[in-house]
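See below for the structure under consideration.
Nothing in this text is a laboratory measurement; each read-out follows from the coordinates by a stated rule. Not measured: the values here are computed from a predicted model. Heads up, the Cβs are rebuilt from the backbone with ideal geometry, glycines too, and the neighbour counts pull from every protein chain shown.
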Amino acid sequence: MITLYTMERDYPYGTLRSTNGSKTKVVLEEKGLAYQVETVSPGAVWKKLPEILAKHPLGKVPWIEDGDLVIYDSTVINEYLNEKSENNPLLAREPAKRARARALENYADEGVLSKFLPLIWMPWWSAEEQRDADSMEKGRQGLRDQIFPFLEKTLAGNDYLCGEFSLADVPMMAVAMVLEVDGMAVGDFAQTEAYLQRLRERDSYQAISPKRSVADTARSGYDV
Ligand SMILES: N[C@@H](CCC(=O)N[C@@H](CS)C(=O)NCC(=O)O)C(=O)O
């Protein structure tokens, strides 16, 4: 069975999860692969303990173990999982469509998950009095100024970024998760708001839902 190593922690206001670890969890679910989750403590990751560096040379999460194989980086892991199981292909067959999906996935990774989202998400892992409200607002403003207008244009009336649900939408599942906790208003961007809600309604979102505890989402059962 595949083991996913990631950061997840229960708080009174919901369960918080690594955004990149959540990307991987969503694909494990979408592909119907059996897996279990091992939570890694945020302290061990921030301190770059040798046991973390032994698995992920940058000292980050997520990584997966599949038998003797250790793979890190959510994008690389998700490509591996998509190829490992033929169930529910998350990339089209045509090279041009595959490239388009990968480009949009990269946009979300670099433009959102590594840029604006941590400004909003990291403070939620700290006590309220320690949160930097200015930084959180800067993150929200970045989404409003740059990301949501791009999503409105790219969705262009479709349900998902490439028409069908694909690897391009997977990082946006983590955006949907963060904004569920944050409660940021998205109503000025009607297509984006409907899209994020659509993502939350997918079965795979249950594995990263802030409403479901670490214990409730530690394992998934079927393998096709
Ligand atoms: N490109 C990597 C990014 C991984 C990443 O930044 N993970 C965060 C958690 S969401 C982390 O471990 N941060 C700790 C650190 O950067 O020291 C991926 O997609 O997996």
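Of note:
- Whole-number percent relative contact order across the chain, with pairs defined as alpha carbons under 8 Å at least 6 apart: 29
- For the chain, share of DSSP beta bridges that run antiparallel, in % to the nearest 5: 75
- Mean Cα-pair separation over length for the range 125-224, i.e. relative contact order, pairs under 8 Å, 6 or more apart, %: 23
- Measuring gaps between exposed loop sites in the chain (chymotrypsin sites (Phe, Trp or Tyr not before Pro); DSSP loop; at most 11 other Cβ atoms within 10 Å), the longest gap, sites not included, is 14-221.
- Calculated FRET value between Glu164 and Lys138, using beta carbons and R₀ = 41 Å, to 0.05: 0.75
- Reported to the nearest whole Å, the Cα centre-to-centre distance from the range 139-198 to the range 22-85 is 25.
- Take the Cβ atoms of Asp188 and Asn106, set R0 to 25 Å, and the FRET efficiency comes out at 0.45.
- Fluctuation leader among Leu69, Leu91, Leu155 - the chain, Gaussian network, Cα springs under 10 angstrom: Leu69
- Cβ-Cβ FRET estimate between Lys153 and Glu201, R0 fixed at 25 Å, reported to 0.05: 0.60
- When the chain is treated as a GNM with alpha-carbon contacts under 10 Å, the residue of Arg144, Arg17, Arg93 showing the greatest mean-square fluctuation is Arg93.
- Highest mobility in the GNM of the chain, judged by mean-square fluctuation with C-alpha springs under 10 Å and restricted to Pro57, Pro118, Pro171, is found for Pro57.
- Residue-wise HN-Hα coupling along the range 33-44, computed from phi with Karplus coefficients 6.51, -1.76, 1.60 (Hz; x: Gly, Pro): 8, 6, 7, 10, 10, 10, 7, 9, 6, x, x, 5
- Taken along the Cα-to-beta-carbon direction at a fixed 7 Å, the label points for Arg131 and Gln36 span 3.4 nm.
- Pairs from the table (Lys48/Lys153; Lys25/Lys55; Lys97/Lys138; Lys115/Lys153; Lys48/Lys97) lying more than 29 angstrom apart at Cα are Lys48/Lys153; Lys97/Lys138; Lys48/Lys97.
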